[in-house]
Amino acid sequence: MKRPIHLKINAQELEVVVEAGDLLLDVLREKLFLTGARRGCDTSHCGACTVIMGGKLVHSCLVLALSAVGQEISTIEGLETDGKLHPLQEAFIRYGAFQCGYCTPGMILAGKALLDESPRPTEEEIKRSLDGNLCRCTGYQKIIQAILAVAEGKV
Amino acid sequence: MVIDYFEPTTVSETVSLLAKYGDDASVIAGGQSLLVMMRQRLVSPKYLISLKKVGELNGVQEDASGNLSIGAATTHRDAFTSPVLRRGVPLLCQAASKVGSTAIRNLGTIGGNICHNELGADPPQALLALNAKAVCVGATGERTIPLEKFFTGYFETAMNPGEVLKMIEIPSPPPGTVGVYLKHALRAGDLAIVGVAVLLGLETPSKKCREIRIGLGGVASVPLRAYKAEQLLQGSVIGADVVNEAAYVAMSEVDPVSDTHGSADYRRKMVGVFLKRAIRQAADAASKPGSDV
């Protein structure tokens, strides 16, 4: 059952044809070529597939494409504006908050979802908001520092 | 393979769709458990009936006596941020705030959680301690199932095929009771190795226990109330000895399994440890002057 649908992604209306069981993650990657979201674990634990939907952090591997219709979706690709990086992206570069970069889109979006809702989070609140995003390289320290730096207006 | 997807707007429409497609259909609320099971090929529904547009499944109502009705499709996040629930049943809010991780709590629902009934889930034991009831609707109408009868086995509930959970009713907790939910897990996102929910009411300054309810999860084939431990504590003055004794009794009421997260023996011991901790924390909170639920 193929259905043409419209998805609102990074402020753009995009038309795509999906099957009933298609996950948002696969539609983003394979039909829209927005490959910032990754299929990291297939068991919904790693958060590499994280995007923002309806203003809230979600795992795109746990969202049916059909249920994303009508929602505003933000992916990592939408963060820069006119070639200028978002402060979180700047901070991640400045603080060295990534190594292999696999978890990075999810981490940045987790930071963004938090700061959009709670502009002055404590370090504990930042840690808690990252509870669904795993990183195998960095040990999290610099990721937290980068997000905190943006929260404190340093970036 | 999923052939079709529906978005009914009423419970009645949902029930009709379930009746039409029978075993080939599954309802999907937040999808945070169902989609994982589908990917693991544990279930393969051909028809998915989304509940996200069924208005009757949303919302939290409180009547004049403080009795609560929570729509089954209330997300964990909406539950623990709801001012009505935070005031009325903070124990449930504590449990909901420990489910999975941030993104999972944003979409996952309380109703979906109890219908899925996975070992180590958090809301069930809090709801058991709150004497909650499940209201289900099927082709033959609506029925109410007390939660002690709702959980029937691993991933099994007393709901019949073709029924959909509509809401969870919680009677107003006795005034002055305090709830503490403790989850023993190694990482965020993990299911509980042991989940302990305690609702406690104390007479002050005597510290005599006038209300005690203990919900335990992750330690038997179903989430359960530790009735024998409750009986021991009821009417007793809360002190180290009786709390230790109650912990031992609770340990005898559970029947844990061994898995990669812990042996049966370890889980049993942790029931004792976390129950003592929860009672102590609840007793401390209940003893504070002017303490409220």
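The values are calculated or read from the model by the stated rules, or taken from the named source; none is laboratory data. In this text the structure is predicted, and so the values were computed from the model without any measurement. With ideal geometry, Cβ positions are generated from the backbone for all residues, glycine too; neighbour counts draw on all protein chains shown. These area figures cover heavy atoms from the full protein model, side chains too; ligands, DNA and RNA do not enter into them. Shrake-Rupley method; radii C 1.70, N 1.55, O 1.52, S 1.80 Å.
Mind ordering A:41-54, B:16-29 by average Cβ neighbours within 10 Å, highest first? The partial results should precede the final answer.
On the way: A:41-54: 21.8, B:16-29: 17.9.
The packing order, highest mean first, is A:41-54, B:16-29.
Rounded, prolate or oblate, given the Cα gyration tensor of the protein assembly as shown, with a/c below 1.5 counting as rounded? Numbers along the way, then the final one.
On the way: a/c = 1.96, a/b = 1.35, b/c = 1.46.
Oblate.
What's the angle, to the nearest 10 degrees (0 to 90), between helix B:264-287's Cα axis and the longest principal axis of chain B?
Helix B:264-287 sits roughly 70 degrees off the main axis of chain B.
Report the Cα centroid-to-centroid distance between the stretch A:79-145 and the stretch A:1-62 in angstrom, as an integer.
Result: 20 Å between the Cα centres.
Please compute, for peptide A:60-66, the average count of beta-carbon atoms on other protein chains lying within 10 Å of each residue's beta-carbon. Walk me through the numbers before you get to the answer.
Working: counts 1, 3, 12, 6, 10, 1, 7.
Rounded to a whole number, the mean comes out at 6.
Just from its helices, what would the mean residue ellipticity at 222 nm be for chain B, if runs of 4 or more DSSP H residues each count -39500 (n - 2.57) and the sum is divided by every residue, rounded to the nearest 500 deg cm²/dmol?
Working: 12 runs with 105 residues, N = 293.
Estimated from H runs of four or more residues: -10000 deg cm²/dmol.
When a/c reaches 1.5 or more, the comparison of a/b and b/c decides; with that in mind, is the stretch A:69-141 rounded, prolate or oblate per its Cα gyration tensor? Could the numbers behind the result be given before it?
On the way: a/c = 1.43, a/b = 1.17, b/c = 1.23.
It is rounded, given that a/c, with a ≥ b ≥ c, falls under 1.5.
Answer rounded, prolate or oblate for the stretch B:1-100, using the Cα gyration tensor with square roots of eigenvalues a ≥ b ≥ c: rounded when a/c is under 1.5, else prolate when a/b is larger than b/c, else oblate.
Details: a/c = 3.41, a/b = 1.69, b/c = 2.01.
Taking the square roots of the gyration eigenvalues as a ≥ b ≥ c, the stretch B:1-100 is oblate.
Measure off 7 Å from each Cα along the Cα-to-Cβ vector at B:Asn244 and B:Ala158, then give the distance between these two points in nanometres to one decimal.
Going by the 7 Å Cα→Cβ label model, 3.8 nm.
What does the charge add up to near B:Ala132, with Lys and Arg as +1, Asp and Glu as -1, over the other residues with Cβ less than 14 Å from its Cβ? Present the calculation step by step, with values, prior to reporting the outcome.
Numbers: positive: B:Lys133, B:Lys149, B:Lys166, B:Arg213, B:Arg225; negative: B:Asp122, B:Glu148, B:Glu169.
Here the count lands on +2.
Out of all DSSP beta bridges with both ends in the stretch B:1-139, state the antiparallel percent to the nearest 5.
On the way: 4 of 11 bridges.
Once the DSSP bridges in the stretch B:1-139 are tallied, antiparallel ones form about 35 percent.
With Cβ to Cβ distances under 14 Å as the rule, what net charge do the other residues near A:Cys135 carry (K, R +1; D, E -1)? Display every interim value, and only then the final one.
Working: positive: A:Arg38, A:Lys127, A:Arg136, A:Lys142, B:Arg187; negative: A:Asp131.
Surrounding charge for A:Cys135 is +4.
Counting only protein chains, not ligands or nucleic acids, how are A:Cys100, B:Cys93, B:Cys115 ordered by accessible area (probe 1.4 Å), most first?
Per-residue accessible area, sorted high to low, gives A:Cys100, B:Cys115, B:Cys93.
On a 0 to 90° scale, report how tilted helix A:104-117 is relative to the longest principal axis of chain A, with both axes built from alpha carbons and the result rounded to the nearest 10.
Rounded to the nearest ten degrees, it is 80.
Over the whole of A:50-59, what's the average partner chain Cβ count within 10 Å per residue? Rounded to a whole number, please. Provide the component values of the computation, followed by the final result.
Working: counts 2, 1, 2, 3, 2, 1, 7, 7, 7, 11.
Shielding by partners across A:50-59 averages 4.
Mind grabbing the accessible area of A:Arg128 for me, 1.4 Å probe, Å², rounded to tens?
Accessible area of A:Arg128: about 110 Å².
Hey, got the average number of other protein chain Cβ atoms within 10 angstrom for residues in B:3-13? Spell out each step's value before the answer.
Details: counts 4, 6, 11, 2, 3, 0, 0, 0, 0, 0, 0.
Mean inter-chain Cβ contacts per residue within 10 Å come to 2.
For B:Lys166, enumerate residues with amide H under 5 Å from its amide H, sequence gap 5+ or separate chain, H modeled in the peptide plane.
B:Val135, B:Cys136, B:Val137
Given R₀ = 45 Å, FRET efficiency for A:Lys127-B:Ser221 by Cβ-Cβ distance, to 0.05?
On the way: r = 34 Å, r/R0 = 0.76.
Efficiency, from the Cβ-Cβ distance: 0.85.
Using a 1.4 Å probe on the protein chains only, how many percent of the accessible area of the stretch A:87-151 belongs to carbon and sulfur?
Percent of accessible area from carbon and sulfur atoms in the stretch A:87-151: 52.
Between 0 and 90 degrees, rounded to the nearest ten: what's the tilt of helix B:240-253 against the longest Cα principal axis of chain B?
Here the helix axis deviates by roughly 30 degrees.
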